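Asker: I'd like to ask some things about the structure below.
The values are calculated or read from the model by the stated rules, or taken from the named source; none is laboratory data. Since this is a predicted model, take the numbers as computed values, not measurements. Here the Cβ positions follow ideal geometry from the backbone for every residue, glycine too, while neighbour counts run over all protein chains shown.
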Amino acid sequence: MLKLRSGVSCADTDDGIALLDEDSGQYWNLNLTAALVLRTLLDGGSPQLAAQRLSETYEVDDDSAHQDVQALVEALASTGLVER
């Protein structure tokens, strides 16, 4: 299960999602595909479900979708925006 770290705000935008680390003042803009993955994971979905939704919505092959989900989760975790 993935959740935003305490002190991280999330807001939907026309282009995806904006994340703000209130402690550092840094923010990140996630595009529509990354937003789909993050929303799925924050809603309690598995990485496999996120990859499936990514494949269905954007016609991405399954292997690429799984790699993209893993890369996004690793990037968000390495910046301290999410907790597993």
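Asker: Looking at Gly44, Gly25 in this structure, which one is surrounded by fewer than 15 Cβ atoms within 10 Å (Cβ to Cβ), in contact (Cβ under 8 Å) with a residue 24 or more places away in the chain and either under 18 Å from Gly80 (Cβ atoms) or not β-branched (Val, Ile, Thr) (or both)?
Answerer: Details: Gly25 fails: in contact (Cβ under 8 Å) with a residue 24 or more places away in the chain.
Answer to the selection: Gly44.
Asker: With the requirement that a residue be among the charged types (D, E, K, R) and more than 13 Å from Val69 (Cβ to Cβ), what does the stretch 11-51 give you? Reasoning before the result, please.
Answerer: Filtering the stretch 11-51 down to residues among the charged types (D, E, K, R) leaves 12, 14-15, 21-23, 39, 43.
Correct list: Asp12, Asp14, Asp15, Asp21, Glu22, Asp23, Asp43.
Asker: Can I ask one more? Within the stretch 67-84, count every residue that is closer than 19 Å to Asp23 by Cβ and surrounded by 13 or more Cβ atoms within 10 Å (Cβ to Cβ).
Answerer: 8
Asker: Scan the stretch 1-22 for residues that are exposed (fewer than 14 other Cβ atoms within 10 Å of the Cβ), touching a residue at least 24 places away in the same chain (Cβ under 8 Å) and not in a strand (DSSP E or B) and jot them down.
Answerer: Going residue by residue through the stretch 1-22, those that are exposed (fewer than 14 other Cβ atoms within 10 Å of the Cβ) are 1, 3, 6-7, 9, 11-15, 22.
Those still in the list that are touching a residue at least 24 places away in the same chain (Cβ under 8 Å) too: 1, 3.
Answer for the stretch 1-22, where residues must be exposed (fewer than 14 other Cβ atoms within 10 Å of the Cβ), touching a residue at least 24 places away in the same chain (Cβ under 8 Å) and not in a strand (DSSP E or B): just Met1.
Asker: Follow-up. Select from the stretch 53-83 the residues that are more than 28 Å from Ser6 (Cα to Cα) and touching an Asp or Glu at 6+ places or on another chain (Cβ under 8 Å) and write down the one among them that is modelled with the lowest pLDDT.
Answerer: Checked the stretch 53-83; the qualifying residue modelled with the lowest pLDDT is Val60.
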